[in-house]
Amino acid sequence: MPLFGPTMPVPAPGPDTREFWEACRQHRLQVQRCAACGRFRFAPAPICHACHSREYEWVVSEGIGEVYTWTITHRPFHPAVADAVPYNTVVVRLHDCGGAMITSNLVGIPNEEIRPGMLVMVDWDDIDDEITLPRFRPA
Ligand SMILES: [Zn+2]
């Protein structure tokens, strides 16, 4: 069962994010690493926030990390989430890729059982023929 309703807006891949979304479609979590200073960054961006280099490479993550923080949304802000509240939004710190942090949703666990530092792994949510979202579930 989908996490949110069918009218939930989906990401619109652009020049800086198209490769990320194509990798997600293939159930591969990729993170950008600056080719000049080696720092990882998420979300995909055209320029390094640390050294301003435009050169980067993609690194495939194992998709394992821990819950850094989270919030629970109780009031629906969009009709597509009306049946999903209360739902969680988590920030996951990956164990690889320099500890890059990804904002997502944790599935397969009641919101009350989410804990800081909880070990989680990526869980792919195929939304449609073009978009697959990386969610996470307890590892
Ligand atoms: Zn850099």
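The values are calculated or read from the model by the stated rules, or taken from the named source; none is laboratory data. Please read all numbers here as calculations on a predicted model, not as lab measurements. When we count neighbours, we look across all protein chains shown, and the Cβ atoms used for this are built from the backbone with ideal geometry, even at glycine. What goes into the accessible areas is simple: the full protein's heavy atoms, side chains included, and nothing from ligands, DNA or RNA. Shrake-Rupley method; radii C 1.70, N 1.55, O 1.52, S 1.80 Å.
Odds and ends about this structure:
- Residues considered: 69, 17, 89. Of these, the only one that is polar (S, T, N, Q), under 16 Å from the mean Cα position of the chain (by Cα) and more than 24 Å from residue 138 (Cβ to Cβ) is 17.
- Scan of the stretch 23-58 for residues that are in contact with a helix residue (DSSP H, G or I) (Cβ under 7 Å, 6 or more places away or on another chain) and over 15 Å from residue 134 (Cβ atoms), ordered by number: 39, 40
- Identity of the residue in the stretch 40-90, among the aromatic types (Phe, Trp, Tyr) and open to solvent by 70 Å² or more (accessible area, probe 1.4 Å), that ends up farthest from the ligand (Cβ to nearest atom): 77
- Filtered residues of the stretch 109-120 (kept if surrounded by fewer than 16 Cβ atoms within 10 Å (Cβ to Cβ) and in contact (Cβ under 8 Å) with a residue 40 or more places away in the chain): 115, 116, 117, 119
- Consider the stretch 28-39 and keep the residues that are open to solvent by 50 Å² or more (accessible area, probe 1.4 Å) and of a type in the set (A, V, I, L, M). The one that is farthest from residue 14 (Cα to Cα) is 36.
- Matching residues in the stretch 1-27 - criterion: being open to solvent by less than 80 Å² (accessible area, probe 1.4 Å) and under 27 Å from residue 53 (Cβ atoms): 11, 13, 14, 16, 17, 20, 21, 23, 24
- Here 123, 129 are screened, and the one residue that is without any contact (Cβ under 8 Å) to a residue 60 or more places away in the chain, under 23 Å from residue 18 (Cβ atoms) and exposed (fewer than 13 other Cβ atoms within 10 Å of the Cβ) is 129.
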